[in-house]
Amino acid sequence: MALRCDLIIRNATIFDGLGNPRFEGDVAVTGDRIVAIGELGGWEGERDLDADGLALAPGFIDAHTHDDRAVLCGPECMLCKMSQGVTTVVVGNCGVSLSPVKMAKRPVPPLDLLGDESWWTFGSFAEYAERLATDPAPVNTYALIGHMSLRIEAMDGDTQRAATDKEAAHMQARLKEALEQGASGFSTGLYYPPNMMAPTDEVIAVAEALRAVGGIYVTHMRDEADHVLDSIQETLKIGRDTGSSVVISHHKCSMPENFGRSTETLAAIEAAAANQKVEFDVYPYAAGSTVLMPDRLRQDVQEQITWSIPHPKMAGKMLDDIARLWGVDRRTAAQRLVPAGAIKFQMNEADVQRIMAHRLSMIGSDGLPHDTYPHPRLWGTFPRVLGHYCRDLQLFSLEDAVRKMTGHTASVFGMVDRGVIREGAYADLVLFDPKTVADVATYDAPIRPSVGILETWVNGQSAYVYGQGATDARAGRLVTRERAAA
Ligand code: CU
Ligand code: ZN
């Protein structure tokens, strides 16, 4: 008698997510779990799929996203990620999380990356988690709580200063509460005004809440340019003083005068990693994207507008061209455009590659899903690593590329039974063609699904099929970091 399962994927080239050499085999799935791997001739599946030698990997984990709101908007909203093979997103990055704070008016940048006040309706993480449970997302969600969201509430909007001890204690209590309700860590965006007003001690006071549960500290550092080494030291100190693992977000060396300095930053991180848990994520592009900041423009760094509230038609255009069109200088043009977002061409390709190739790196898109004319990383990150950087430039092996998107990431974030193809693990899977996988999204045409990603499964359910788009499955769950042993 044949052994039965819901889904069997036969003749796949299996990448286990841990970096082990690929092997040929079949994978059987029942419910939300992988139930068998190997030569499964004696098995029968409700659905029987011949992979014909194509690659089967654990579903990709997007280590850095701003999908807090996108996971609440249904399958179409997450098409940008599922079409890349992504099955889990880490939300609440850069100090910005959709809970636990409600907004009566449009929030200040960069909180408004997630939308206007109509989206800020979750006064606690429990309410956000409740929404994910009753109205599930098509992908899994792993949540961080943002420093800026906590500050707005604790400091009653008066955030252009350091928090008082009392306010920091309030933030710590709110973070603790959220961690008890299923959030996994704490993020900061110390680069941004008004968060830059927060001294290291304030961050440590709040992050102290992480200790009891072994939560993770994730940071868009204070400085990614001239003082990037100081910022790395600040991050490491926060980790040590609170007993937390740390993740440096979208690691980069910003601005032309710092090009090449990733040799120094990686050496510093590497040295620290011998004594404390530290990793970083990176996106595969030499341009960043965030809110437009008229005070931080530089003549030698081009900016492309991604959205603008007063001038929505300018999305997609270069700031220089807009300034010329309006007959003003770029600063004046930028001041007219805000609130707005921009892509900044501020990095060096050699640094991007060196950082990506490092053994501690994870892949995170940092995609901005609500931008009118988004940075192409939103739709292209994972296929770009697999196609452009792995296959075409041979920056690393395909086993290693997959590890940076799956098993390594799951282990850093403490996601249990995810990011790996193993019996008993969750059936988050992606089937792709290593020969053709490629990003198609560009700076000129950013909203384009990749090619070569054939099917994506979330908790055993088919979530995306190439050529057909998102299915109506909503199999995503809230994923919480494995708790430290009490
Ligand atoms: Cu970010
Ligand atoms: Zn950031």
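Per-structure values
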quantity: Selection status of Asp116, of a type in the set (D, E, K, R), touching a strand residue (DSSP E or B) at 6+ places or on another chain (Cβ under 9 Å) and modelled with pLDDT under 95; calculated: no
quantity: Listing of helices (runs of 4 or more DSSP H) fully contained in region 346-447 that carry 1 or more residues being surrounded by fewer than 24 Cβ atoms within 10 Å (Cβ to Cβ); calculated: 349-357, 398-405, 407-413
quantity: Pair list, Cβ under 6 Å, 6 or more apart: region 33-49 residue within 22 Å of Arg477 (Cβ to Cβ) and open to solvent by 20 Å² or more (accessible area, probe 1.4 Å), other residue modelled with pLDDT of 95 or more and assigned to a loop (DSSP other than H, G, I, E, B); calculated: Arg33/Ala427
quantity: Residue in region 65-86 that is open to solvent by 10 Å² or more (accessible area, probe 1.4 Å), within 21 Å of Asp366 (Cβ to Cβ) and within 16 Å of ligand 1 (Cβ to nearest atom) present; calculated: yes
quantity: Number of the exception - Ala334 against (1) more than 12 Å from Pro284 (Cβ to Cβ); (2) in a helix (DSSP H, G or I); (3) open to solvent by 40 Å² or more (accessible area, probe 1.4 Å); calculated: (3)
quantity: Selected residue [in a helix (DSSP H, G or I) and hydrophobic (A, V, I, L, M, F, W, C)] from Val203, Val218, Val247; calculated: Val203
quantity: Check on Gly59, more than 30 Å from Glu399 (Cβ to Cβ) and either more than 16 Å from ligand 2 (Cβ to nearest atom) or not assigned by TED's automatic domain parsing to the domain that holds Arg384 (or both); calculated: no
quantity: Breaking point among (1) more than 16 Å from ligand 1 (Cβ to nearest atom); (2) more than 13 Å from the chain's Cα centre (by Cα); (3) hydrophobic (A, V, I, L, M, F, W, C), for Leu98; calculated: (1)
quantity: Gly53, sole failed condition from (1) open to solvent by 10 Å² or more (accessible area, probe 1.4 Å); (2) assigned to a strand (DSSP E or B); calculated: (2)
quantity: Evaluation of Gly19 against (1) crowded, with 21+ Cβ neighbours inside 10 Å; (2) closer than 22 Å to Asp281 by Cβ (one fails), failing number; calculated: (1)
quantity: Residue in region 101-119 that is open to solvent by less than 60 Å² (accessible area, probe 1.4 Å), without any contact (Cβ under 8 Å) to a residue 60 or more places away in the chain, small (Gly, Ala, Ser) and at negative phi present; calculated: no
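Here's the yes/no breakdown for (1) in the same structural domain as Asn93 (by TED's automatic domain parsing); (2) under 27 Å from Ile355 (Cβ atoms); (3) within 16 Å of ligand 1 (Cβ to nearest atom):
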| residue | (1), (2), (3) |
| --- | --- |
| Val246 | yes, yes, yes |
| His251 | yes, yes, yes |
| Glu264 | yes, yes, no |
| Ala268 | yes, yes, no |
| Val278 | yes, yes, no |
| Val291 | no, yes, yes |
| Pro310 | no, no, no |
| Trp326 | no, no, no |
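The values are calculated or read from the model by the stated rules, or taken from the named source; none is laboratory data. Values in this document were obtained by computation on a predicted structure and should not be read as measured data. As a convention, Cβ positions derive from the backbone with ideal geometry for all residues, glycine included, and neighbour counts pool all protein chains shown. Just the protein is used for accessible areas: all its heavy atoms, side chains included, with ligands, DNA and RNA removed. Shrake-Rupley method; radii C 1.70, N 1.55, O 1.52, S 1.80 Å.
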